[in-house]
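In what follows, a single structure is set out as structure tokens and then discussed.
The values are calculated or read from the model by the stated rules, or taken from the named source; none is laboratory data. Here the structure is a predicted model, which means the values were calculated and not measured. Counting neighbours? That spans all protein chains shown, and the Cβs are built from the backbone with ideal geometry, glycine included.
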Amino acid sequence: MAAPIFEYVNVEIGEHTFHTGDPWPQEQKKDIVFYAFQQQVPGTEPVFDYWNPKENEHTFHMGDPWPCEEKGKHPVFYAYPLGDDKKGLLQPVHSFWNSGEKKHTFHLGDARAHEDKHEPHFLAFREPLTWKSGVICDGAPAVNRAKWLMENKGMSEAEAQAFVIGEFPNLFDKSAPPSGHFVDGKFPHTLELVKDDKGKSRLKFAVTPSNHESITMIAVHYSVNGEPGKEDMNFDINKPEEGSHTYVHVTPAFGPVCEPGCKVTYWLAAMDKGLITEMPEKACPVKENRLTWIAQ
């Protein structure tokens, strides 16, 4: 996945660093500044941290060290070199010089207070990319491409998904039009059919609560070709997809297939500030309140 790159401030020497994960010693974690990859995917190049003992700071860029710099041993993240911006999906990350702090920063957009904007060094994403297993990538579902990479290239699931995202980033941009049948309401969501790794058609829910700040769990209750009141598939989704506010569920292998024309009866619930709320209202006690969708 494209990982969030955070800005960190070293409270001892005042430098700004840019990386994933936990703060380095003496650092305080600030905001996300852009998104990049933690492993190399098609089209990306490594970004290293460079230590300048004269200026007492790290910088973050590609290529050779700048004057007086020592190159780190391992890449901090992977980003795209200057050039193809993937039709505007990628944005240039510039270096900025803060004349007050006498330190560099690296981020998107305009200069902040007391900063002078310098040249761009690489391209990164402004918004996170979200894995979508059913997206068709060059004729095949994304999940199938990832499965092939796992079986033939020895990749982990996370590595394979990141590789596929790197091949087709425009398909995984969260601003791309949502796929599937959209249902508005208390918990806006989509339903769609996706293929599993055996080629069977499965039902997928993607729920994006409008009040995501207070939601800690989404539950889906549904049946395929069942009747209201007999929703035999019940699953809790305890966290959203990485880098998003969307809770995703796909029917597992032991569940029913769902093909075009199948009738889906369902309702949703959420843990909202410690209380269970439903969509539609009273869907649990009143089966007539439950929702239906004819798969397509």
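Scanning segment 88-101 for residues that are out of contact with any Gly (no Cβ under 8 Å at 6 or more places or on another chain) and not in a strand (DSSP E or B), we see that the one that is nearest to PRO169 (Cα to Cα) is LEU89. Checking LYS239, LYS282 one by one, the residue that is assigned to a loop (DSSP other than H, G, I, E, B) and more than 25 Å from TRP131 (Cα to Cα) is LYS282 and no other.
Quick one: in segment 4-42, which of the residues that are among the charged types (D, E, K, R) and touching a residue at least 60 places away in the same chain (Cβ under 8 Å) is nearest to PRO128 (Cα to Cα)? Give the derivation first.
At the first step, the residues of segment 4-42 found to be among the charged types (D, E, K, R) are 7, 12, 15, 22, 27, 29-31.
Remaining after also requiring touching a residue at least 60 places away in the same chain (Cβ under 8 Å): 7, 15.
Numbers: GLU7: 16, GLU15: 26 Å.
Looking at the filtered set, the residue picked out is GLU7.
Could you please give the count of residues in segment 235-277 that are within 13 Å of ILE215 (Cβ to Cβ) and surrounded by 15 or more Cβ atoms within 10 Å (Cβ to Cβ)? I'd like the intermediate steps shown before the answer.
Our first condition is that a residue be within 13 Å of ILE215 (Cβ to Cβ); within segment 235-277, this holds for 236-240, 244-247, 268-277.
Then drop every residue that is not surrounded by 15 or more Cβ atoms within 10 Å (Cβ to Cβ), which leaves 237, 240, 244-247, 268-272, 277.
Number of matching residues: 12.
Confirm whether LYS132 is over 22 Å from ALA3 (Cβ atoms) and in contact (Cβ under 8 Å) with a residue 40 or more places away in the chain. No.
Residues that are polar (S, T, N, Q) and crowded, with 17+ Cβ neighbours inside 10 Å within segment 210-234 comprise just one, SER223. Any chance segment 263-274 includes a residue that's closer than 14 Å to VAL194 by Cβ, assigned by TED's automatic domain parsing to the domain that holds VAL194 and either in contact with a Phe, Trp or Tyr (Cβ under 6 Å, 6 or more places away or on another chain) or not in a strand (DSSP E or B) (or both)? Yes, segment 263-274 contains at least one residue that is closer than 14 Å to VAL194 by Cβ, assigned by TED's automatic domain parsing to the domain that holds VAL194 and either in contact with a Phe, Trp or Tyr (Cβ under 6 Å, 6 or more places away or on another chain) or not in a strand (DSSP E or B) (or both).
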